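See structure below.
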Amino acid sequence: MKNHLKRIAMPRTWYLPRKSNKFILRPHAGSHSMDMGHPIGVVLRDVLKVTSTLAEAQKLLNNNVVLIDGRRVKDRRHMYGLYDILKLGDNTYRMELDTKGRLVVNEVEPTSIKVVKVVGKNVIKGGKIQLRLFDGKTLISDVKVSVGDSVKYNIESRSIESVLPCSEGANMFLLRGKHAGDNGVLTKIEGRNVVYQKGTGENIETTLKHVYVTEGSQ
């Protein structure tokens, strides 16, 4: 696989200049799909602008001061994805989608809790339940949770603290589709279709697979 990607071919979610240079660093395949994250080297240089070059970004990574979800990262092509918690020195960041469906990195209060969508669930040897999370993690848990729900995951203890059901009244945002980045409250769920209400009061219908729950129903 090539180490670089033509900027003109970047995913639409990448909120980066397309014509400043011909190429941009390609992330390693891994936990997130390419449209849901950036290589950490690009984040340090082009998004947070804490370095001027990729070489400087690599030196920073080698100093063991960059952690993603509590784990030290040294590879500048490591994928930093949606809702991952980035710790850089004394600062903490989370990657989110803006209202136009573009990836942005926002500074947040220090936290060990990450909200992650459950994308798969299966029974493994011994009758135990294995969960697959949106960020690529897998874990064995006896917590009652359904595919499509989100969980509050503790990145320090590597455990689920609570479940955020995908149900009417839940706060959510859209991962993909025409309205990607929209925030709202689920008002109706019928099979694979849902209706959510934006802050403006507008009701929009979409598909259930695009919904990412961020808070449980009140």
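The values are calculated or read from the model by the stated rules, or taken from the named source; none is laboratory data. Please read these numbers as outputs of a predicted model, since none were measured by experiment. Don't worry about glycine lacking a Cβ; one is built from the backbone with ideal geometry, like all the others, and counts go over all protein chains shown.
Quick one: would you say Val118 is assigned to a strand (DSSP E or B), at pLDDT 95 or above and over 16 Å from Gly41 (Cα atoms)?
Numbers: assigned to a strand (DSSP E or B): yes; at pLDDT 95 or above: yes; over 16 Å from Gly41 (Cα atoms): yes.
So Val118 passes the test.
Yes/no matrix, rows are residues, columns are (1) of a type outside the set (A, V, I, L, M); (2) in contact with an Asp or Glu (Cβ under 8 Å, 6 or more places away or on another chain); (3) buried (at least 18 other Cβ atoms within 10 Å of the Cβ):
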{"position": "Lys22", "(1), (2), (3)": "yes, no, no"}
{"position": "Pro27", "(1), (2), (3)": "yes, no, yes"}
{"position": "Asp35", "(1), (2), (3)": "yes, no, no"}
{"position": "Gly41", "(1), (2), (3)": "yes, no, yes"}
{"position": "Asp46", "(1), (2), (3)": "yes, no, yes"}
{"position": "Val50", "(1), (2), (3)": "no, no, no"}
{"position": "Thr53", "(1), (2), (3)": "yes, no, no"}
{"position": "Lys59", "(1), (2), (3)": "yes, no, no"}
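State the number of residues belonging to segment 86-100 that are free of Cβ contacts under 8 Å to residues at least 24 places away in the same chain and part of a strand (DSSP E or B).
First, pick out the residues of segment 86-100 that are free of Cβ contacts under 8 Å to residues at least 24 places away in the same chain: 87, 90-92, 94, 96.
Retained after the next criterion (residues that are part of a strand (DSSP E or B)): 87, 91-92, 94, 96.
Total satisfying the criteria: 5.
Can you name the residue in segment 199-216 that is part of a loop (DSSP other than H, G, I, E, B) and loosely packed, with under 14 Cβ neighbours inside 10 Å and is also nearest to the chain's Cα centre (by Cα) among such residues?
First, the residues of segment 199-216 that are part of a loop (DSSP other than H, G, I, E, B): 199-202, 216.
Checking which are loosely packed, with under 14 Cβ neighbours inside 10 Å leaves us with 199-202.
Working: Gly199: 22, Thr200: 25, Gly201: 27, Glu202: 26 Å.
Among residues in segment 199-216 that are part of a loop (DSSP other than H, G, I, E, B) and loosely packed, with under 14 Cβ neighbours inside 10 Å, the one nearest to the chain's Cα centre (by Cα) is Gly199.
Looking at segment 132-145, which of its residues are within 19 Å of the chain's Cα centre (by Cα) and either more than 26 Å from Lys87 (Cβ to Cβ) or in a loop (DSSP other than H, G, I, E, B) (or both)? Don't jump to the end; show me each part of the working.
We begin by selecting, within segment 132-145, every residue within 19 Å of the chain's Cα centre (by Cα); these are 132-139.
Residues satisfying the conditions are Phe134, Asp135, Gly136, Lys137.
Condition first: β-branched (Val, Ile, Thr) and farther than 22 Å from Ser162 by Cβ. Now tell me which residues in segment 94-119 satisfy that. Step through it out loud before you land on a result.
The initial filter retains those residues of segment 94-119 that are β-branched (Val, Ile, Thr), namely 99, 104-105, 108, 111, 113, 115-116, 118-119.
Matches in segment 94-119: Thr99, Val104, Val105.
Which residues, taken from segment 43-63, are farther than 16 Å from Val105 by Cα and of a type in the set (A, V, I, L, M, F, W, C)?
As a first pass, look at segment 43-63 and keep what is farther than 16 Å from Val105 by Cα: 52-63.
Correct list: Leu54, Ala55, Ala57, Leu60, Leu61.
Restricting attention to segment 146-163, which residues are among the aliphatic types (A, V, I, L, M) and in a strand (DSSP E or B)?
Looking only at segment 146-163, we keep the residues that are among the aliphatic types (A, V, I, L, M), and these are 147, 151, 155, 160, 163.
Selection gives Val147, Val151, Ile160, Val163.
Run down Arg132, Arg176 and say which single residue is in contact with a strand residue (DSSP E or B) (Cβ under 7 Å, 6 or more places away or on another chain) and charged (D, E, K, R).
Numbers: Arg176 fails: in contact with a strand residue (DSSP E or B) (Cβ under 7 Å, 6 or more places away or on another chain).
So the residue among Arg132, Arg176 that is in contact with a strand residue (DSSP E or B) (Cβ under 7 Å, 6 or more places away or on another chain) and charged (D, E, K, R) is Arg132.
Against the conditions (1) under 13 Å from the mean Cα position of the chain (by Cα); (2) in the same structural domain as Asp35 (by TED's automatic domain parsing), where does Gly70 fall short? Just the number, please.
Condition not satisfied by Gly70: (1).
Please verify whether Glu202 is within 30 Å of Trp14 (Cβ to Cβ) and in contact with a Leu (Cβ under 8 Å, 6 or more places away or on another chain), treating the condition exactly as stated.
Numbers: within 30 Å of Trp14 (Cβ to Cβ): yes; in contact with a Leu (Cβ under 8 Å, 6 or more places away or on another chain): no.
Answer is no for this residue.
I'd like the residue in segment 136-159 that is more than 22 Å from Leu186 (Cβ to Cβ) and in contact with a strand residue (DSSP E or B) (Cβ under 6 Å, 6 or more places away or on another chain) and, out of all such residues, is surrounded by the most Cβ atoms within 10 Å (Cβ to Cβ). Don't jump to the end; show me each part of the working.
Restricting attention to segment 136-159, the residues satisfying the condition of being more than 22 Å from Leu186 (Cβ to Cβ) are 136-142, 154-159.
In the following step, the residues that additionally are in contact with a strand residue (DSSP E or B) (Cβ under 6 Å, 6 or more places away or on another chain) were identified as 138-141, 154-155.
Numbers: Thr138: 11, Leu139: 15, Ile140: 10, Ser141: 15, Asn154: 16, Ile155: 20.
Taking the candidates together, the pick is Ile155.
Condition test on Thr214, is it over 19 Å from Arg12 (Cβ atoms) and in contact (Cβ under 8 Å) with a residue 60 or more places away in the chain? Outline the logic, then answer.
Values: over 19 Å from Arg12 (Cβ atoms): yes; in contact (Cβ under 8 Å) with a residue 60 or more places away in the chain: yes.
Yes: the conditions hold for Thr214.
Condition first: part of a loop (DSSP other than H, G, I, E, B) and closer than 21 Å to Leu67 by Cα. Now tell me which residues in segment 101-115 satisfy that. Full working, then the answer.
Restricting attention to segment 101-115, the residues satisfying the condition of being part of a loop (DSSP other than H, G, I, E, B) are 101-102, 109-112.
Once the filter is applied, which keeps residues that are part of a loop (DSSP other than H, G, I, E, B) and closer than 21 Å to Leu67 by Cα, segment 101-115 yields Glu109, Pro110, Thr111, Ser112.
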